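No lab work stands behind these numbers, since they all come straight from the coordinates. Computed from a predicted model, the values in this text were never measured in an experiment. When we count neighbours, we look across all protein chains shown, and the Cβ atoms used for this are built from the backbone with ideal geometry, even at glycine.
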Amino acid sequence: MKVEELYNYGMPEKAIEIIKKKGINEFFPPQEEALRKGLLNLEKNFVIAVPTASGKTLIGEMLIIKNLIDRGGKALYIVPLKALGAEKFDELKAYETLGLKVALTTGDYDTGARWLESYDIIITTSEKADSLIRHSPSWISKVSCVVADEIHLINDASRGATLEVTIARLLHINKNLRLLALSATVGNAREVADWLGAELITSDWRPVELKEGIYLDGKIIFSNSSSLEIENSDEPALALALDTVNREGQSLIFINTRRGAESFAVKAAKKLKGSGIIEEKLLKEIGQEILHVLPEPTKICRKLARTVEGGSAFHHAGLEIEQKKIVERAYKKNLIKILSATPTLAAGVNLPARRVVVREYRRYDSNYGYVELSVMEIKQMLGRAGRPKYDNFGEAILIARSDEEKDFLLDNYILAEPENIYSKLAVESSLRTHTLATFAMGYASNTEELLDFFSKTFFGYQQESYALEALLNKIVEFLTEKGFLENGSATEFGKRTSELYIDPMSALILKNAIEVSQEKPSSEFSFLHAITKTSELNKLYLRKKDYDMCIAAADEMEDFLLFPPPSQYSDPWGYEDFLSEIKTTLFFIDWIKERNEDFLLTKYNLAPGDIRSRVEAADWLLYSMDVIARLFGFTKMGEISELRLRVKHGIGEELIHFVGIKGIGRVRARKLYNRFKTIEEIKKASIKEIASVALIGNKLAQSIKAQLGGEEEEVKITKMKQSTLTGF
């Protein structure tokens with residue numbers, strides 16, 4: 001079907017032109033099937049379960065545009081990751097020429113974001129969408145169309161429940177809502193469609209042929225019985241990657257550990273550098289760009305820059321967001337030839353490759369040892385093979401080390417069907433959180449209404465009603481006993497906990513910490529330790545070499561602990577967990593002491609991306625503690641507010657006023673403080689004096705002067721000189 005045929009479905013000419021400008025002239029089979037089955041009639045919901053790169057995003061775009069033109073209201077596009085949200089935002093911005101305003105929101109959870117009232121298409125994560133609904137902004141009732149991307153992630157133990165409940169709430173708010181759920185291929189797509197009352201479209205079609213195979217002893221054996229000889233090597237993944245580059249393709253290698261991905265990229269870069277295959281001048285410039293993301297480059301920055309200069313790169317959650325973006329852009333431009341990544345990339349941004357290699361089919365779990373990956377996870381990774389517009393085929397390879405392992409991989413992954421997905425809403429912390437939110441938003445005032453709402457979730461669809469009722473009764477009893485609910489309504493404490501988007505158990509921990517701090521000595525260590533006890537903050541893994549350090553710190557700070565430590569003898573597991581809390585607290589102490597990121601990497605094995613994620617979580621928990629303290633009229637709010645600022649920026653208390661200047665972070669703030677001890681001194685200093693401080697420079701110095709006291713005379717003179725020279 002040609003794109004022009006959208007005229008027959010009532011799509012405006014301008015929208016068709018936008019689609020054609022994207023280089024799309026003909027629809028893929030799944031897209032055509034969706035159109036023929038009534039996607040743009042706007043009368044029913046759809047579940048599209050098709051492979052990667054089969055055109056799911058365009059199906060969502062067409063539904064959104066037709067719905068907004070015909071029915072008005074707002075469209076919500078829900079994605080699993082912030083990075084994916086940024087990608088969808090760039091794609092949907094093209095439709096602003098139709099008079100539609102597009103917004104991306106993924107941040108602060110304690111707001112209804114009233115500014116979104118004036119936007120037509122809102123892209124967000126499931127967590128942010130859930131948070132927005134809890135604040136009941138007036139515009140939520142105007143949402144008439146929802147696209148839920150990667151809905152198979154309902155199966156995810158940590159985040160799936162939120163996606164599921166968010167969809168159920170949106171359908172509850174607007175009975176005429178049109179829902180499009182996009183999914184990878186799963187075993188029970190029909191069950192998901194039946195839950196949503198949706199038309200199901202499934203297909204194995206791909207725009208690029210996918211050849212799946214097993215590598216063993218210098219040969220790839222594909223599932224269609226064809227084979228390909230590869231130069232044998234002690235490092236099969238590297239040999240497979242280099243072979244692809246020699247055939248003018250790109251390789252994506254999935255490796256289960258960050259250290260493994262980094263090591264692989266270093267080896268690949270050494271092989272590629274000086275080969276004549278890569279554009280070394282351009283790659284050197286990109287390497288320099290990576291080095292300048294942070295004011296002071298870290299070990300990881302330097303390692304990434306070196307690998308990029310060699311035409312290779314690694315990609316994992318420990319990298320700074322901007323560094324990941326630089327790598328992704330260079331890879332999409334075919335400058336980076338080999339990319340080694342941890343499996344999280346498989347559910348993230350669109351980075352296809354000629355050849356995808358999954359080096360390991362097992363991962364280490366601290367509770368169970370080595371466990372096998374699911375078929376769905378492996379298929380998600382393998383599905384990245386094949387670059388539309390560049391390749392006629394993609395090769396997806398698993399590596400075997402024996403004939404027995406080859407047969408195992410063939411039967412259990414290559415020829416296997418993806419597993420069924422199941423609701424994870426029964427996880428007690430998830431059910432507790434979403435039950436409180438249901439009362440707080442007024443969706444239920446008793447257990448019968450609560451049961452009615454949850455029966456509409458995927459969990460309710462998959463479970464017998466008596467099992468669901470028993471779980472909900474237990475949760476309601478807990479929430480009532482702890483003061484979150486009273487007579488079927490959320491208390492003020494319950495409402496604020498729901499709006500703060502934290503687990504009620506975490507809210508109790510924060511409340512108890514503040515109560516105890518009223519009666520005994522407390523310090524920054526006290527409050528930082530308290531937040532490490534919440535489920536929202538991932539505690540650091542306790543290594544053998546950490547025990548002595550953590551025990552010594554716990555003994556030294558015993559008088560300032562707001563929670564008594566478990567007994568080392570009667571509760572050894574609890575005590576070990578406590579030591580993990582202490583280690584995490586020590587990290588935050590070092591962070592606000594302005595230890596540099598290389599120090600933190602060596603001592604705590606935390607890369608810049610890890611630091612950022614934990615700092616963001618701690619910032620939110622300290623904000624929540626402050627809110628709860630004010631709610632109950634406790635003191636210590638000033639201490640908590642100040643500590644929050646220090647954690648947010650990673651600074652000593654003397655730098656608090658310095659980081660309030662736009663463009664000044666922890667490193668520049670310290671440089672300024674070493675030269676000027678107060679803001680008043682900076683105000684009196686000349687631009688030249690400020691610019692002479694390391695990492696400041698003339699442009700930032702001018703900005704600082706303008707911010708601190710309006711434009712000084714010399715700033716005006718500088719601007720006059722510039723305007724004279726340029727003629728403006």
Residue-averaged [θ]222 nm for the chain, counting only DSSP H segments that reach four residues, each worth -39500 (n - 2.57): -14500 deg cm²/dmol
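With the Cα gyration tensor of the stretch 222-284 giving a ≥ b ≥ c as the square roots of its eigenvalues, does the rule (a/c under 1.5 for rounded; else a/b larger than b/c for prolate; else oblate) give rounded, prolate or oblate?
Numbers: a/c = 2.13, a/b = 1.34, b/c = 1.59.
The shape class here is oblate.
Taking other Cβ within 10 Å of each residue's Cβ, how do SER227, SER423, SER692 sort, fewest first? It would help to have the intermediate numbers written out before the result.
Numbers: SER227 11, SER423 21, SER692 14.
Ascending Cβ contact count within 10 Å gives the list SER227, SER692, SER423.
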³J(HN,Hα) across the stretch 22-28 via Karplus (A = 6.51, B = -1.76, C = 1.60, θ = phi - 60°), whole Hz, x for Gly/Pro? 7, x, 9, 10, 9, 7, 6
Tell me which lysines have Cα within less than 20 Å of LYS545's Cα, excluding those fewer than 8 residues away on the same chain? LYS583, LYS603
Pairwise over distinct Cα atoms, reciprocal of the mean inverse distance: report the Kirkwood radius of the chain in Å, one decimal place. 28.4 Å
What is the pair-distance distribution P(r) of the stretch 262-327, computed from all Cα-Cα distances in 10 Å bins starting at 0, with each bin given as a whole percent? 24, 57, 19, 1
Give me the distance between the Cα centres of the stretch 340-380 and the stretch 294-339, rounded to whole Å. 20 Å
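Which pairs break 32 Å Cα to Cα here: LYS88/LYS688; LYS82/LYS688; LYS37/LYS142; LYS270/LYS406?
Working: LYS88/LYS688 43 Å; LYS82/LYS688 40 Å; LYS37/LYS142 26 Å; LYS270/LYS406 30 Å.
As for pairs spanning more than 32 Å Cα to Cα, those are LYS88/LYS688; LYS82/LYS688.
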The stretch 502-650: relative contact order in percent, alpha carbon pairs under 8 Å with at least 6 residues between: 30 percent
Fraction in percent of alpha-carbon pairs per bin - 5 Å, the stretch 3-202: 1, 7, 17, 21, 23, 16, 10, 4, 0
When only DSSP loop residues count, what GluC sites (Glu not before Pro) in the stretch 657-711 have their Cβ near at most 16 other Cβ atoms within 10 Å? GLU711
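Please report the projected area of the stretch 425-500's Cα convex hull averaged over all directions, in nm².
Values: hull surface 17.5 nm².
That works out to 4.4 nm².
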Please enumerate, by chain and number, the lysines with C-alpha under 16 Å from the C-alpha of LYS424, excluding those fewer than 8 residues away in the same chain. LYS456
Residues TYR368, TYR547, TYR673, TYR575 in order from fewest to most other beta-carbon atoms within 10 Å are TYR368, TYR547, TYR575, TYR673
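Suppose a student asked you for the relative contact order of the stretch 209-414, using Cα pairs under 8 Å spaced at least 6 residues apart; what percent would you report? It would help to have the intermediate numbers written out before the result.
Numbers: 388 pairs, mean separation 60.1, N = 206.
29 percent.
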Hey, which aspartates and glutamates would be in cross-link range of LYS333, C-alpha to C-alpha under 15 Å, not counting anything within fewer than 8 residues on its own chain? GLU248, GLU279, GLU280, GLU285, GLU309, ASP391
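For the chain, what's the relative contact order in percent, using C-alpha pairs closer than 8 Å and at least 6 residues apart? Mind dumping the intermediate values first?
Numbers: 1166 pairs, mean separation 74.1, N = 728.
10 percent.
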